[in-house]
Structure formats: C-alpha cells, structure tokens
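A quick write-up on the structure given underneath.
Please treat every number below as a calculation from the coordinates, not as lab data. Quantities reported herein were computed from a predicted structural model and do not represent experimental measurements. All Cβ positions, glycine included, derive from the backbone under ideal geometry; neighbour counts span all protein chains shown.
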Amino acid sequence: MKLKPRATRITILIVLLIMAVVGYYAFLSGKAKERNVDATMTAVQAALSRNLDKDYPPTPKEVMKYYNEIVKCYYNEETTEDDIEALGLKVRGLFDNELLEANEVGGYLIDLKEEIQNSKDAKRKITNAGVASSTNVDYYTRDGYSFARLLCTYNVNENGTSETQRIVYLLRKDPDKRWKIYGWDFEANVDLNGDGIPGD
C-alpha cells in the first residue's frame with residue numbers, strides 16, 4: 001500500500017522531529033558531563049587550567065584573586081613537585097618584567113619549593129585570603145607608569161594557632177595594558193599615604 005503525499009510529508013516531519021529531540025537530548029547530556037568533569041577538578045587543576053594569554057585577569061583585584069588562588073594551592077593542597085613548578089610558572093605570568101629579572105626562574109622555583117615544604121612541616125595553612133574591594137584600590141602614576149596598590153589579608157593557621165597577615169601589593173600596568181605584580185611588603189612597612197613601592 002502506497003502512502004499518500006500528505007501522509008509521506010507527515011511521516012518525514014515526525015521522523016525529523018524525533019531526530020531533533022534525540023539530538024538535543026544528546027547535546028544536553030554532553031554538557032552535563034562537561035559540568036561534572038569541571039566539578040571534579042581539584043583546586044590545583046582549576047588554577048592551572050587558566051590560559052593567561054587568552055584570559056588574563058582584567059583588573060588589579062582580579063589579578064590578586066587569581067594569585068591568591070594559587071597561593072592557597074601551595075599551602076593547602078596536596079601537590080607534587082611538578083604541580084608546584086607549574087603553579088610557580090603560572091604565578092610568574094602575573095609578575096612585572098622587573099620582578100622577573102630580579103627572580104631568575106631556577107632559583108625562584110627552588111626557593112618556592114623550600115618555602116612550601118617548610119610550611120607543610122610546620123603544619124601551616126592559609127584558611128582565608130581576602131582581597132581589598134575595588135574601591136580600596138589606590139591608583140596613581142609615577143615616572144610615566146600606571147600603578148595600583150591594594151591590600152590582601154591572609155588568615156594563617158599554624159598548629160591550631162591563627163594569625164592575620166596583611167600584605168600590600170603594588171601592580172604596574174605593562175605595555176599590553178595588563179596589571180602585573182611589581183612588589184609587595186607587610187602593611188606595617190608601607191607608607192600608605194605616599195606613592196612608594198612596598199619595600200622602599
């Protein structure tokens with residue numbers, strides 16, 4: 001028995017509709033799987049997954065938030081030597097050229113591994129890392145460069161004893177308009193009324 005043209009069109013339309021529904025369901029299932037993979041990423045994997053060439057933090061505050069994510073990985077997460085090196089290289093991607101020149105990569109990574117091991121031996125962890133609000137970022141210009149200064153607060157726990165460390169970071173805008181970490185020092189050592197570099 002032959003199908004009439006109208007019945008044929010309806011049959012084809014129903015088949016196409018079923019294929020569209022099945023395709024859409026498969027698409028949604030794939031997205032759900034991707035979200036599950038993202039949800040199971042460790043803090044170290046999440047920090048390392050950021051591509052700084054394509055997704056550089058746009059503001060001083062965002063630079064420091066990402067920096068602090070990595071710092072918390074150093075001190076709070078289970079890390080291999082390879083993890084520490086990869087994280088250290090990510091952090092160096094946030095450093096100003098002058099800071100990079102003052103910290104040759106080999107020596108920097110050796111010092112970093114030693115500092116992290118000393119902290120783990122002392123059972124030291126960072127329980128919180130807070131970045132000043134965007135309204136508390138101090139912007140100024142010096143010698144033709146744009147600078148931003150902001151305060152980060154760290155709650156550090158060592159063997160059940162907690163203390164707060166307040167560190168002032170100075171960032172400088174590079175020729176690509178990216179804010180790079182130029183230096184830092186404890187708040188007590190910085191003249192917050194001037195435009196000095198931490199440590200000056």
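Structure data summary
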{"quantity": "Relative contact order of segment 44-187, pairs being alpha-carbon contacts under 8 Å that are 6 or more residues apart, as %", "calculated": "24"}
{"quantity": "Least to most buried among SER119, SER146 (fewest other Cβ within 10 Å first)", "calculated": "SER146, SER119"}
{"quantity": "Residue list for segment 140-162, given a label point 7 angstrom along the Cα-to-Cβ vector of ASP191 and an amide N cut-off under 11 Å", "calculated": "none"}
{"quantity": "From phi via Karplus (6.51, -1.76, 1.60), per-residue ³J(HN,Hα) for segment 148-165 in Hz, x at Gly/Pro", "calculated": "9, 10, 8, 9, 10, 10, 10, 9, 10, 10, 10, 6, x, 9, 10, 9, 10, 10"}
{"quantity": "Gain upon complete extension [THR153, THR42; 0.36 nm per residue less C-alpha separation]", "calculated": "37.6 nm"}
{"quantity": "Neighbour-count ranking [beta-carbon atoms within 10 angstrom, fewest first] of GLU115, GLU101, GLU69", "calculated": "GLU101, GLU115, GLU69"}
{"quantity": "Other-chain or far-sequence residues with amide H under 5 Å of TYR56's (modelled H)", "calculated": "none"}
{"quantity": "Under 5 Å, built H, 5+ apart or other chain: amide partners of ASP185", "calculated": "VAL168"}
{"quantity": "Cα gyration tensor shape of segment 90-186, rounded if a/c is under 1.5, else prolate or oblate by comparing a/b with b/c", "calculated": "oblate"}
{"quantity": "Top positive-direction residue, dipole computed over segment 44-187 with Cβ charges, set ALA132, THR161, TYR74", "calculated": "ALA132"}
